[in-house]
């Protein structure tokens, strides 16, 4: 299993936090202060064969996604605000942290699952079931973080149009949702 060293996790967190504090939203800063110690070490996935299956995977991949979103915005001259790119690029997956108290992904305690399946994390059964995008939107509203319509839809659609609740939007996605999905695809493909 890939593991990030403490210095890399700290550097990624400092960059992540610095970008989000540029938005100058007190609610966002409150969320970072409340969840930051957990968020900075949250893995992105459960299995070694999946992207971001290591402590700090969520923040590292979110930084890469936001970077690609910025590049796509420039290349395609989409005129999307930097604040919206930062907000959606860095926050679209925070539902993977879990709820206000418990982590969604916890260390796999079964050596068989680790050795045979490469599953280094498992879902915490103490955390109520909720899709990643719905949990993300719930966390953001819990902390009072305002989203405009395009930001909300981009986060909702970030996990893909193959989900039943997202099919309604196919063909009418806002530009922000399109560049978020493309940036995610690029990061997944390159990893």
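Things to note:
- Any chance residue 34 is in a helix (DSSP H, G or I) and either farther than 23 Å from residue 4 by Cβ or in contact (Cβ under 8 Å) with a residue 60 or more places away in the chain (or both): yes
- Test result for residue 42, in a loop (DSSP other than H, G, I, E, B), on the phi < 0 side of the Ramachandran plot and either touching a strand residue (DSSP E or B) at 6+ places or on another chain (Cβ under 9 Å) or surrounded by fewer than 14 Cβ atoms within 10 Å (Cβ to Cβ) (or both): yes
- Residue within segment 58-72 that is without any contact (Cβ under 8 Å) to a residue 40 or more places away in the chain, buried (at least 18 other Cβ atoms within 10 Å of the Cβ), under 13 Å from the mean Cα position of the chain (by Cα) and not in a loop (DSSP other than H, G, I, E, B) present: yes
- In segment 98-111, the qualifying residues are those that are touching a residue at least 24 places away in the same chain (Cβ under 8 Å), outside any loop (DSSP other than H, G, I, E, B) and more than 11 Å from residue 46 (Cβ to Cβ), and the one that is nearest to the chain's Cα centre (by Cα) is 98.
- Here residue 12 fulfils each of the conditions (1) under 16 Å from residue 136 (Cβ atoms); (2) in contact with a helix residue (DSSP H, G or I) (Cβ under 7 Å, 6 or more places away or on another chain) apart from (1).
- Residues considered: 114, 135. Of these, the only one that is closer than 24 Å to residue 27 by Cα and either touching a strand residue (DSSP E or B) at 6+ places or on another chain (Cβ under 8 Å) or part of a helix (DSSP H, G or I) (or both) is 135.
- Given (1) buried (at least 22 other Cβ atoms within 10 Å of the Cβ); (2) over 14 Å from the mean Cα position of the chain (by Cα); (3) farther than 23 Å from residue 147 by Cβ, number of the condition residue 80 does not satisfy: (3)
None of the figures in this text is laboratory data; all of them are computed from the coordinates on show. Computed from a prediction, not measured in an experiment: that's the story for all the values here. Glycine gets a Cβ as well: all are built from the backbone with ideal geometry, and neighbour counts include every protein chain shown.
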